[in-house]
Amino acid sequence: SMTQEFPNDIYIKSLLTHEYCHRWLGVDGIKIKSNNQENAWLTEGFTDYYTYKILWKNNLISKQEYIEKVNEFIVDYSLSPVINAHKDTLGNNFWKDRDYQIFPYKKGFVYALYLEQFIQKKTNYQKSLDDVMFALLKKSKKQREITEKDFIETVSKFTKQDITTIHNEWILKGGTIPVESGSIADVKDEIKEIGLFDAGFD
């Protein structure tokens, strides 16, 4: 549907990359057992995380563009009106309300950002979230689909620390996922207080 004049900007790059990523996460490859959209934090949120990570690592977007996208996801997650919704509530309302529909993308991205750093620190920077995803891909091919328990066990195996408690608190119960300092290597981070903007339209 695009004209020849359509700009080849970050929007198009991320759209195409996101959908291609589903070939190995969510649609093909890693498939998680689910009755509705309660696990969209993984199938959509992690896909978004890898979308921008892949674009940056392959020089399709600049480091500054990557940083701006990370900040955008953190802001959208932090200001979401459904930030502390229970997992079942998110799943049941996914197709009913825009806030519920877009939130798993933000939540999964921030969770992936946290786990990336957590795994690297726990393994003395020998392993990353990539290793977890490749292990899940292998497991999914063997079992045809994975469960949320498989995800928890795989991360715990790599970190040698059981993440069940934090996973249940953040993903199941709706606790707020912290954004750790140093989430992006060689980037000095700071905290700024911002407010939620309301355009005023109904």
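Does Lys107 satisfy being crowded, with 19+ Cβ neighbours inside 10 Å, among the charged types (D, E, K, R) and either at positive phi or assigned to a helix (DSSP H, G or I) (or both)?
So Lys107 fits the description; yes.
Scan (1) among the hydrophobic types (A, V, I, L, M, F, W, C); (2) open to solvent by less than 50 Å² (accessible area, probe 1.4 Å); (3) part of a helix (DSSP H, G or I) for the single condition Val75 breaks and write down its number.
(2)
Assuming Asn84 fulfils every condition listed in (1) part of a helix (DSSP H, G or I); (2) modelled with pLDDT of 95 or more; (3) not small (Gly, Ala, Ser) apart from one, which condition is it?
For Asn84, the failing item is (1).
Residue-by-condition table, conditions (1) modelled with pLDDT under 90; (2) surrounded by 15 or more Cβ atoms within 10 Å (Cβ to Cβ):
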| residue | (1), (2) |
| --- | --- |
| Ile10 | yes, yes |
| Tyr20 | no, no |
| Leu25 | no, yes |
| Lys31 | yes, yes |
| Asn35 | yes, no |
| Gly45 | no, yes |
| Tyr50 | no, yes |
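Among the residues of segment 53-65, write down those that are out of contact with any Leu (no Cβ under 7 Å at 6 or more places or on another chain) and open to solvent by less than 20 Å² (accessible area, probe 1.4 Å).
The one that is out of contact with any Leu (no Cβ under 7 Å at 6 or more places or on another chain) and open to solvent by less than 20 Å² (accessible area, probe 1.4 Å): Leu55.
Out of Arg98, Arg144, I need the residue that is at positive phi and open to solvent by 30 Å² or more (accessible area, probe 1.4 Å). Which one?
When all the criteria are applied, what remains is Arg144.
Does Glu116 fit the bill of being touching a helix residue (DSSP H, G or I) at 6+ places or on another chain (Cβ under 7 Å), at pLDDT 95 or above and crowded, with 17+ Cβ neighbours inside 10 Å?
Taking the combined requirement at face value, the residue satisfies it.
Among residues belonging to segment 152-202 that are more than 16 Å from Lys122 (Cβ to Cβ) and of a type in the set (Phe, Trp, Tyr), point out the one that is least open to solvent (accessible area, probe 1.4 Å).
Within segment 152-202, the match that is least open to solvent (accessible area, probe 1.4 Å) is Trp170.
When you scan segment 132-140, do you find a residue that is open to solvent by 10 Å² or more (accessible area, probe 1.4 Å), under 17 Å from Ile30 (Cα atoms) and in contact with a Gly (Cβ under 8 Å, 6 or more places away or on another chain), even just one?
Looking through segment 132-140, at least one residue is open to solvent by 10 Å² or more (accessible area, probe 1.4 Å), under 17 Å from Ile30 (Cα atoms) and in contact with a Gly (Cβ under 8 Å, 6 or more places away or on another chain).
Just to be sure before I move on: is Tyr50 of a type outside the set (Lys, Arg), under 23 Å from Ala185 (Cα atoms) and touching a Cys at 6+ places or on another chain (Cβ under 9 Å) in the structure I sent?
yes
The values are calculated or read from the model by the stated rules, or taken from the named source; none is laboratory data. Since the structure is predicted, the reported quantities are computational estimates derived from the model, not experimental observations. All Cβ positions, glycine included, derive from the backbone under ideal geometry; neighbour counts span all protein chains shown. Accessible surface is based on the protein model in full, side chains and every heavy atom, while ligands, DNA and RNA are left aside. Shrake-Rupley method; radii C 1.70, N 1.55, O 1.52, S 1.80 Å.
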